Amino acid sequence: MAESVAGRVFSVLDAFVDAPGTLRLTEIARRTGLPVPTALRLVRELVAWGGLERAADGSYRLGTRVRTLGAAAPCPRGLLSTALPALTVLTARTGGHADVAIPADGTALCLVTGERLPLHATAAGKVLLAHGLGTPRTDGDPTGTDTVTGTDSGSRTGSGRGVGVRHTPYTVTAPGVLGAQLARVRATGLAEAHEEYRLGELSLAAPVFRDGTALGALSLTAPTAARPGRLAPAVREAAATVSRALAG
């Protein structure tokens, strides 16, 4: 049975999951398995609706309509609205971008932007993994790797055994290394990722709790020139502020 029109539209939007910001039409067609003319027609319709935006170089990114819908999606008892004041302060204080993420379909869903981040390659994702929140996606990785245990039949990078997709040369793909990182996150209450998802980007994150149970991760993204030691206290303080507000 042929795939429905709605199914093809959803597949175009799904192509942007774990995408590096923008995608060209040929990459959208490759990720969806659609013929280029069909992909172009659907992309144009999504641009007209506001679901996609066309960048100056001709590539495409998720549009404001999708981000608005993502921000409006239900989340644990008003987590986003509770976190927004602390996120605003953290952004102004550091000059980075602050967000709060929850587990969603094997990714870390950022509630402010609606972006989905890989669990193993970002600070927010590592916080979620460290606290047992969410199960990593494997459909985007042809090896079928389990991000936590590293049980697979090979590695996308050809290194034998690995964890998840290598997004940059600095992405952690050794299960033992990731396991040690998650243990450190649980011990220190802070996760870091240096250019593991995007080059030139540093992210830090701390867990957000309600009644002692982790609900999500408060994260900060900044250029790699920023000093993690100076940003870490601000991230921890913002996460603690949100946790207190949730308790209240």
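The values are calculated or read from the model by the stated rules, or taken from the named source; none is laboratory data. Small disclaimer: the values here were computed from a predicted structure and weren't measured. Here the Cβ positions follow ideal geometry from the backbone for every residue, glycine too, while neighbour counts run over all protein chains shown. Side chains are part of the model used for accessible areas, which takes the heavy atoms of the whole protein and leaves out ligands, DNA and RNA. Shrake-Rupley method; radii C 1.70, N 1.55, O 1.52, S 1.80 Å.
On the stretch given as the stretch 13-31, residues that are at pLDDT below 90 and either surrounded by 14 or more Cβ atoms within 10 Å (Cβ to Cβ) or under 15 Å from V66 (Cα atoms) (or both) total 9. Is one or more of the residues making up the stretch 55-74 crowded, with 20+ Cβ neighbours inside 10 Å, at pLDDT 85 or above, assigned to a helix (DSSP H, G or I) and in contact with a Leu (Cβ under 6 Å, 6 or more places away or on another chain)? No: zero hits.
Filtering R198, R210 for residues that are among the charged types (D, E, K, R), touching a His at 6+ places or on another chain (Cβ under 8 Å) and closer than 20 Å to L109 by Cα leaves a single hit, R198.
Regarding the stretch 32-43, can at least one residue be identified that is open to solvent by 80 Å² or more (accessible area, probe 1.4 Å), out of contact with any Lys or Arg (no Cβ under 8 Å at 6 or more places or on another chain) and modelled with pLDDT of 90 or more? Within the stretch 32-43 (the criterion being open to solvent by 80 Å² or more (accessible area, probe 1.4 Å), out of contact with any Lys or Arg (no Cβ under 8 Å at 6 or more places or on another chain) and modelled with pLDDT of 90 or more), the answer is yes, since at least one residue qualifies. Contact map, the stretch 177-195: first residue outside any loop (DSSP other than H, G, I, E, B), second residue open to solvent by 70 Å² or more (accessible area, probe 1.4 Å), Cβ cut-off under 6 Å, separation 6 or more or different chains; the map is empty. Against the test of being open to solvent by 10 Å² or more (accessible area, probe 1.4 Å), at pLDDT 95 or above and either more than 21 Å from H131 (Cβ to Cβ) or among the small types (G, A, S) (or both), the options A226, A240, A217, A206 yield a single qualifying residue, A240. Any residue at all in the stretch 159-181 that is more than 22 Å from V100 (Cβ to Cβ), more than 19 Å from the chain's Cα centre (by Cα), of a type in the set (S, T, Y) and at pLDDT below 95? Taking every residue of the stretch 159-181 in turn, at least one turns out to be more than 22 Å from V100 (Cβ to Cβ), more than 19 Å from the chain's Cα centre (by Cα), of a type in the set (S, T, Y) and at pLDDT below 95. Here the stretch 107-149 is the region considered, the condition is being among the charged types (D, E, K, R) and at pLDDT 85 or above, and the residue that is most open to solvent (accessible area, probe 1.4 Å) is R116.
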